[in-house]
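Participant: Quick one: this structure, given as structure tokens, is what I'll be asking you about.
The values are calculated or read from the model by the stated rules, or taken from the named source; none is laboratory data. Nothing here was measured: the structure is a model prediction, and the numbers come from that model. Every residue, glycine among them, receives a Cβ derived from its backbone with ideal geometry; neighbour counts consider all protein chains shown.
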Amino acid sequence: MRLIELTDLYPPAIGGLERFVALLSEGLASRGHEVHVVTSEVPGAPVAETSAGVTVHRFPLLYQRLAPGLSQDAAWPFHPPAPDPLFRRLLAEVVHEVRPDVIHAHSWSVFSCLARAFPRTPVMVTAHDYSLACARKSLVHRSGTYCSGPSWLRCGPCASAMYGPAKGNVLAAASVSSLRLLKKVATFTAVSDYLANRLSPVIGKVAGQPVHTLHSFVPDGLYESGWQAERPEFLPAEDGYLLYVGQLSRYKGTDVLIDAYRRLPSPPPLVMLGTPHPTSPAPESLPAGVTMRTSVAHRSVIAAMVRAACVVVPSVGPDSLPMTVSEAQNCGVPVIASAVGGIPEQILDGQTGWLVPAADKQALADRLAELLASDDRARAMGQAGRLHGRRFTAAHGTGLFAQALQTTWQKAS
């Protein structure tokens, strides 16, 4: 098949979604498919390149030129939740040149695709979060309660509470008005059962079809590559530390983790690796024993992961299927995580790690203390995690995505 993978950002941009799209694209190319990636241009990355059998096209966004303040970080511009005229035109040029059998979209850039008529090219959408139905990308109301779905009255004030009135109202209006375009999508998938179930009422109302689950995945051989990689210089002198990997934000539970860490008697060092956020803890507020680093190369993250005693995923919001959990399990490390979103689909509670109530600092501290008190239990959980984690690897998942893309193409033929 000839395929276009459509995504807001792509490596060198750092993030779980970006790494997944790259992994999937390269996996599909290795199976003999012709794969093109269309994404937003970012500073320092070539406008066009071919790597690992994948041709990448990076295009500018008109809104970024006219209103750069909409992006939190101008170096990593996101596609708005509405068609971007410039991106749409340049995407159309690639579609007419490549003549793909399927366009596979992963984020808000799908709206530029759907706003342009490609009658012979079906579109498959994979949701990695709640952004198809929510400008905040969480389907969590500003009050902290789960939202039942978008509406003109709710979304403006809710998005404004997160982004500020000017940006929030623009994003909310764009998001709600773009929903109608989703009826042009041929196939909807989501990376977890939980996410599929949350999105299905919205997608069903707009497009009249269900959302199927196709779990996202991580590279094969993480355990081996982690031990083969050079030990990062920022790690504590001895292995057996606690490790957090992810966005350094309150939504991801960093404040919960730090509070739980303070409650541990004689805790080992805690290493926190991730991307900065406006709600990131201030370095001077961190307790003794905590090391925080940003913009760490993925190879170094995995090298740190295999040497950890435990990986902690203390998310407060309903994470759809955090790749950190799958990576940790495939690194042979037990995981203690919040029982929210799709995380319970990844962890066998009491076997590959433990699930704790979200935002429960004491419960998190108690489980951490229990795990640290028994090396044998931690080792057994890590070994069980490696077996269970195989279902979230490229060797298992690439073929499932290829099959879904093939089915989408055949239905439209």
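Participant: Can you report the number of residues in the range 116-131 which are in a loop (DSSP other than H, G, I, E, B) and either in contact with a helix residue (DSSP H, G or I) (Cβ under 6 Å, 6 or more places away or on another chain) or of a type in the set (Phe, Trp, Tyr) (or both)?
Facilitator: 5
Participant: Can you find, within the range 211-235, the residue that is nearest to the chain's Cα centre (by Cα) among those that are exposed (fewer than 15 other Cβ atoms within 10 Å of the Cβ) and assigned to a loop (DSSP other than H, G, I, E, B)?
Facilitator: That would be Gly221.
Condition check ((1) without any contact (Cβ under 8 Å) to a residue 60 or more places away in the chain; (2) in a loop (DSSP other than H, G, I, E, B); (3) in contact with a His (Cβ under 9 Å, 6 or more places away or on another chain); (4) surrounded by fewer than 19 Cβ atoms within 10 Å (Cβ to Cβ)) across all residues:
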| position | (1), (2), (3), (4) |
| --- | --- |
| His79 | no, yes, no, no |
| Leu91 | no, no, yes, no |
| Ile103 | no, no, no, no |
| Cys158 | yes, no, yes, no |
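Participant: With (1) in a helix (DSSP H, G or I); (2) outside the structural domain of Phe188 (by TED's automatic domain parsing); (3) within 28 Å of Thr126 (Cα to Cα) as the list, and Leu368 as the residue in question, which single condition is left unmet?
Facilitator: Going through the list (1) in a helix (DSSP H, G or I); (2) outside the structural domain of Phe188 (by TED's automatic domain parsing); (3) within 28 Å of Thr126 (Cα to Cα), Leu368 breaks only (3).
Participant: Restricting to the range 189-210, what's the tally of residues that are part of a helix (DSSP H, G or I) and either crowded, with 22+ Cβ neighbours inside 10 Å or over 18 Å from the mean Cα position of the chain (by Cα) (or both)?
Facilitator: Total satisfying the criteria: 11.
Participant: Within the range 377-391, is even one residue under 23 Å from Ser192 (Cβ atoms) and in a loop (DSSP other than H, G, I, E, B)?
Facilitator: no
Participant: Does Leu139 count as surrounded by 17 or more Cβ atoms within 10 Å (Cβ to Cβ), modelled with pLDDT of 90 or more and in the same structural domain as Glu18 (by TED's automatic domain parsing)?
Facilitator: In short, no.
Participant: Looking at (1) free of Cβ contacts under 8 Å to residues at least 24 places away in the same chain; (2) among the small types (Gly, Ala, Ser); (3) buried (at least 21 other Cβ atoms within 10 Å of the Cβ), which is the one condition that is false for Gly389?
Facilitator: With respect to (1) free of Cβ contacts under 8 Å to residues at least 24 places away in the same chain; (2) among the small types (Gly, Ala, Ser); (3) buried (at least 21 other Cβ atoms within 10 Å of the Cβ), Gly389 is out only on (1).
Participant: Next question. What pairs come up if the first residue lies in the range 177-192 and is without any contact (Cβ under 8 Å) to a residue 40 or more places away in the chain, the second is surrounded by fewer than 21 Cβ atoms within 10 Å (Cβ to Cβ), and their beta carbons are under 8 Å apart, counting only those six or more places apart or on different chains?
Facilitator: Close Cβ pairs satisfying both conditions: Arg180/Val206; Lys183/Val206; Lys183/Ala207; Lys183/Gly208.
Participant: Tell me which residues, restricted to the range 303-353, are among the β-branched types (Val, Ile, Thr), under 17 Å from the mean Cα position of the chain (by Cα) and in a helix (DSSP H, G or I).
Facilitator: Thr324, Val325, Ile343
Participant: Would you confirm whether or not the range 177-188 contains a residue that is in the same structural domain as Phe401 (by TED's automatic domain parsing), assigned to a loop (DSSP other than H, G, I, E, B) and touching a Pro at 6+ places or on another chain (Cβ under 9 Å)?
Facilitator: Scanning the range 177-188 turns up at least one residue that is in the same structural domain as Phe401 (by TED's automatic domain parsing), assigned to a loop (DSSP other than H, G, I, E, B) and touching a Pro at 6+ places or on another chain (Cβ under 9 Å).
Participant: Right, something else. Taking the range 282-302 as the search range and keeping residues that are outside any helix (DSSP H, G or I) and either among the basic types (Lys, Arg) or more than 30 Å from Tyr223 (Cβ to Cβ) (or both), which one is farthest from the chain's Cα centre (by Cα)?
Facilitator: Out of the qualifying residues, it is Ala288.
Participant: Is it the case that Leu132 is buried (at least 22 other Cβ atoms within 10 Å of the Cβ) and either of a type in the set (S, T, N, Q) or modelled with pLDDT of 90 or more (or both)?
Facilitator: yes
Participant: State yes or no: is Tyr241 under 23 Å from Ile14 (Cβ atoms), among the hydroxyl-bearing types (Ser, Thr, Tyr), modelled with pLDDT of 95 or more and touching a strand residue (DSSP E or B) at 6+ places or on another chain (Cβ under 9 Å)?
Facilitator: In short, yes.
Participant: Restricting to the range 92-107, name every residue that is under 30 Å from Ser295 (Cα atoms) and either modelled with pLDDT under 95 or over 20 Å from the mean Cα position of the chain (by Cα) (or both).
Facilitator: Ser107
Participant: Just checking, does the range 162-179 include any residue being modelled with pLDDT of 95 or more, of a type in the set (A, V, I, L, M, F, W, C) and over 19 Å from the mean Cα position of the chain (by Cα)?
Facilitator: Checked the range 162-179: no residue is modelled with pLDDT of 95 or more, of a type in the set (A, V, I, L, M, F, W, C) and over 19 Å from the mean Cα position of the chain (by Cα).
Participant: Inspect the range 12-33 for any residue being touching a helix residue (DSSP H, G or I) at 6+ places or on another chain (Cβ under 6 Å) and part of a strand (DSSP E or B) and give the result as yes or no.
Facilitator: Checked against the condition, which is being touching a helix residue (DSSP H, G or I) at 6+ places or on another chain (Cβ under 6 Å) and part of a strand (DSSP E or B), the range 12-33 yields no hits at all.
Participant: While we're here: Would you please list the contacts, defined by Cβ atoms under 7 Å and residues six or more apart or on different chains, that run from a residue in the range 275-289 that is in contact (Cβ under 8 Å) with a residue 12 or more places away in the chain to a residue that is of a type in the set (Asp, Glu)?
Facilitator: Close Cβ pairs satisfying both conditions: Pro281/Asp255.
Participant: Using the structure shown, decide if Ala378 is among the aliphatic types (A, V, I, L, M), surrounded by fewer than 23 Cβ atoms within 10 Å (Cβ to Cβ), in contact (Cβ under 8 Å) with a residue 40 or more places away in the chain and out of contact with any Cys (no Cβ under 6 Å at 6 or more places or on another chain).
Facilitator: So Ala378 passes the test.
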